[in-house]
Structure formats: C-alpha cells, structure tokens
Amino acid sequence: MEKQALMGVTSLSSFPSSSSTSYFTARTSSLSTSPAGQWKYDIFLNFRGEDTRNNFVDHLYNVLKDRGIYTFRDDQKLERGKFIKEELLEAIEESKFAIVVLSENYASSTWCLDELVKIIDCRKYMGMTVLPVFHYVNPSDVRKQRGAFAKPFVEYEKKGKKERVKKWRDALRQVGNLRGWHLNNYRPESHDIQSIAGWISLNLKYDAFANITKDLVGIDSQVVELLLCLAMMSNNVRFIGIWAMGGMGKTTLARVVYQMVSKEFEACSFIEDVRENYEKDGLVPLQQKIIDQILMETNLKISDEYDGVLNIKNRLCHKKILLVLDDVDKPYLLNMLARKHDWFGSGSRIIITTRDVQVLRTHGVDEIYEVKGLNDEYALQLFCSKAFKKKYVPDDFLNVSNRFLNYAAGLPLALKVLGSFLFDKSVIEWESALERLKEFPEREVLQEWVGT
C-alpha cells in the first residue's frame, strides 16, 4: 500500500478541436465559480429547426437522453401558456452547457441569434460552457459572416436593426472562435454524436466526482493528463502505466479516473494492492476477482493460475472493459493477469500502477504517465489544510513550516502525515519533531506517525 512506502523527501480548460472529435476535456475555469446546484438542465440545445430538428438534433437529443443527460429542447420542454421567449431565456440561464448547432440557415433566424446572444452572455457572466457544432458549414464563415451567413445580415441592416445586428455579429464571432465539432461528409454523423455525448458525459462525471476529490490538492491537472493518455475515443485496446515512488498518489489518481470513465465500458474491475495480495494469498484470488467483477452473472471458479489465464483471455476478449491493476511489482503478474491486447475487447483500457517503471517497459504498455510531486503552491496548501486547518501559515510557524515542507519535498502522503501529526501542537513541539526526523533518515518516524 502507498502508506508503507514513505520516502525521503488548475481549473481545466481544454476543448475538443473544431477540426477533430477529441473526446477529452475538463471544466473551464469559469465554471468553478458557479454556485453549486444552480443548474436545472445539463444542456440547452440552440438550433435552426428547419435545418436540423428532425435529423441531427433529434438523434443527438435521444443519445443524450439515453445517457441520462437532462437536455432542454424547445419543442420538448416549453410549458403551455407561458410566454415562449421568456421561458427560453430562463432555460438558457438554468443550463450548465449550451450546444449551438450552426447550420446553413441558422443566421436567417432572429430567434436563434437572440438565443445565441443570451448564451454568450451566460458564458461570460455565469460560467456556461458553450459547445459549437459546425453543421456542414465553415467555422470561418460563422466568425466572419460569410457564405450562407452573409445574406441574412444584409437584409437585417436594410431593416434598420443595427444594434441587434451588432450583437448578433459579435455573438457569431465569439462562438465561431470556440472549439467544437465540425461535421463533414468524411465520416458518419453518428460518430460526431457519440463524441459530443461522450464529452458531455465525461465532464458531468468530473463535476459529480468533484465533491469527493475537493480535498485532493493538485490532482486536477493529473486527471486531465491521464485522460489524454487513455484516448477514450479510440477503439484500440490500450495499456496505460502510472508510475511514481510510494506515497505520490498513484492509486488515488487511478481511482478518480476509474470513477469518471467507468460507465463508458461494459464492465469494470479495480484490483487494489496486487503486490501485497499476491504475497499473501497467491495469484488465483486475484484472477478470480477479475472474473467475478467483470462476469458478475457467472459462478465460474478458477482452479489454478493457468486456468485463470485461459478464462481471462477467452471470456473477456469480446468485452469492452476497464481494468485497473494497482501496485504491480513483477512482470510475471502482468503476464498472468493482463498479458496481451487481444485478451480484451475493442476499446478496453488497462491501467497499471507501479513503483517500478521497468515493469511497464518490459510489458510494453502503450503509454507511461509519471506522477510527480506537488509544486510549492500545492504542497503548502495541502500541508496547511492538515497542520492548521486553514489556508495560511501563522507568522510564528513560518520558519519551522518551511523546514517541514523542504523535508516532505512535494510528497503528498508525507505532507498529510506530517501536517496531521503536527496539528494543534506548539512551535516547541514542532522543533522537537524535526529533531526526531533528523535522527531517523530512513523515515521510521514517519512510518510511526502514519498510524497516529
């Protein structure tokens, strides 16, 4: 386990590219300032009905609905007897994301353009995330109001709508500069629809999991980077290694990402403390746990480790699974638990955490992610949260705190153990603790404090 290996020692804003269907991103920084529980809807759909209502938008809406994503679409959610425009504007304000489907005749609808102005305002002032879908139109035409987006504006200006036109042009320019999805005839629409739904689903999971991870200082950027390694939109089987010394938070990172993406797979298995459990009980119980968690409906019993290999390979090769093998220290264990890519179905992801990078290299994983220590800012934040239960260091503790921070060298577990042990103690007691640490360079004192 991580705590047995104590050793010596921002919000997110990536978006899918407008020219690709990248699955990954995380929340924008503006969303982190939005009040919790503010949103009534997950998605507000803004679109030109005559272009897309009965095809792309209908298909997208149903895929989102099937994934449990609560979506406002004007012909589905409007209440009878209410002034339509007022309710639409309220729905925009009450939505976390807005999907803007920019189709050929979009700019010919003043209704769509008024909604878009409101959406851009909500992006600026309320932290809404806006996701454009360029529906067989060029993003540069949207930005510059050229092509199909030019003619309607000539008519608007003739009618003397100069102030509204100015707002509409600015809103189109802004949405045209955002990254999103560019539909074209080179791939099926279903591919883009699944990409959009996957992006939304992943980001909603991130927010839902944020309450659990709120005390995990500095983990956001690591989650982002590991999700990139997973390449969730690829149908290839991928082996990803997470490597670091003990106490760096490998298991925690794997667990966070596991919870975020698990619903994208047919079945999942998280095998903790592989090294420790193998030394204690052997290999068969580990193989049995994988089979039991993945094939929940069976009563299959593994007789020996080679029977386990055959059953894992033969019974999981057609399933899209997520498997985490935590704290693996021998290539032999990987060979007996997850030897090759063809043991698992298309789209499967195998995550392996280890303290020994050579284990990953020997196994030939697709990518290795190294977990690094916390930087000075995050280290101080974590230490203060444990040692003082506040965000800053009291003046009379400044000097001694710096010495403890230097000792921990960015190691999260060391910072937690030291801070928790020192909480509510005097400066004299802190100095005494430092002296004890100097006497035990192999960290016996830290090992003792883990259990306090």
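Annotations
- Looking only at the stretch 21-66, and only at residues there that are in a helix (DSSP H, G or I), modelled with pLDDT under 90 and of a type in the set (S, T, N, Q), the one that is most open to solvent (accessible area, probe 1.4 Å): 33
- Neighbours by Cβ (under 6 Å, 6+ apart or cross-chain): first from the stretch 127-145, under 14 Å from residue 180 (Cβ atoms); second of a type outside the set (A, V, I, L, M, F, W, C) and part of a strand (DSSP E or B): 134/182
- Annotation note: Cβ proximity below 9 Å between a residue of the stretch 386-413 that is surrounded by fewer than 12 Cβ atoms within 10 Å (Cβ to Cβ) and a residue that is assigned to a helix (DSSP H, G or I) and of a type in the set (Val, Ile, Thr) (sequence gap 6+ or interchain) occurs for 396/427.
- Complete set of residues in the stretch 224-245 that are at pLDDT 85 or above and open to solvent by less than 30 Å² (accessible area, probe 1.4 Å): 226, 227, 229, 230, 232, 237, 239, 240, 241, 242, 244
Every residue, every condition in (1) charged (D, E, K, R); (2) touching a Cys at 6+ places or on another chain (Cβ under 9 Å); (3) not in a helix (DSSP H, G or I), yes or no:
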residue	(1), (2), (3)
86	yes, no, no
91	no, no, no
97	no, no, yes
104	yes, no, yes
107	no, no, no
113	no, no, no
118	yes, no, no
121	yes, no, no
125	no, no, no
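- Among the residues of the stretch 290-303, the ones that are farther than 13 Å from residue 267 by Cα and either modelled with pLDDT of 95 or more or crowded, with 19+ Cβ neighbours inside 10 Å (or both) come to 1 in all.
- If you go through the stretch 332-362 and pick out every residue that is farther than 20 Å from residue 269 by Cα and not β-branched (Val, Ile, Thr), you end up with 4.
- Residue count, the stretch 149-174 (criterion: farther than 16 Å from residue 111 by Cα and surrounded by 15 or more Cβ atoms within 10 Å (Cβ to Cβ)): 1
- Search result, residues across the stretch 97-107 that are more than 14 Å from residue 135 (Cβ to Cβ) and either of a type in the set (S, T, N, Q) or surrounded by fewer than 24 Cβ atoms within 10 Å (Cβ to Cβ) (or both): 97
- Cross-chain or 6+ apart pairs with Cβ under 7 Å, the stretch 281-303 first and farther than 15 Å from residue 315 by Cβ, then surrounded by fewer than 16 Cβ atoms within 10 Å (Cβ to Cβ) and not charged (D, E, K, R): none
- Check on residue 88, surrounded by 14 or more Cβ atoms within 10 Å (Cβ to Cβ), modelled with pLDDT under 90 and more than 28 Å from the chain's Cα centre (by Cα): yes
- Residue satisfying condition, being within 30 Å of residue 196 (Cβ to Cβ) and surrounded by 14 or more Cβ atoms within 10 Å (Cβ to Cβ), within set 320, 330: 320
- Checked against (1) over 30 Å from the mean Cα position of the chain (by Cα); (2) buried (at least 17 other Cβ atoms within 10 Å of the Cβ); (3) modelled with pLDDT under 95, residue 146 passes all but condition (2).
- Residue within the stretch 370-383 that is within 29 Å of residue 354 (Cα to Cα), part of a loop (DSSP other than H, G, I, E, B) and open to solvent by less than 30 Å² (accessible area, probe 1.4 Å) present: yes
- Strands (runs of 3 or more DSSP E) contained entirely in the stretch 175-286, each with at least 2 residues that are of a type in the set (A, V, I, L, M), touching an Asp or Glu at 6+ places or on another chain (Cβ under 9 Å) and under 15 Å from residue 325 (Cα atoms): 238-243
The values are calculated or read from the model by the stated rules, or taken from the named source; none is laboratory data. Remember, it's a predicted structure, so these values are computed and weren't measured experimentally. With ideal geometry, Cβ positions are generated from the backbone for all residues, glycine too; neighbour counts draw on all protein chains shown. In case anyone asks, the SASA skips ligands and DNA or RNA and just uses the protein heavy atoms, side chains included. Shrake-Rupley method; radii C 1.70, N 1.55, O 1.52, S 1.80 Å.
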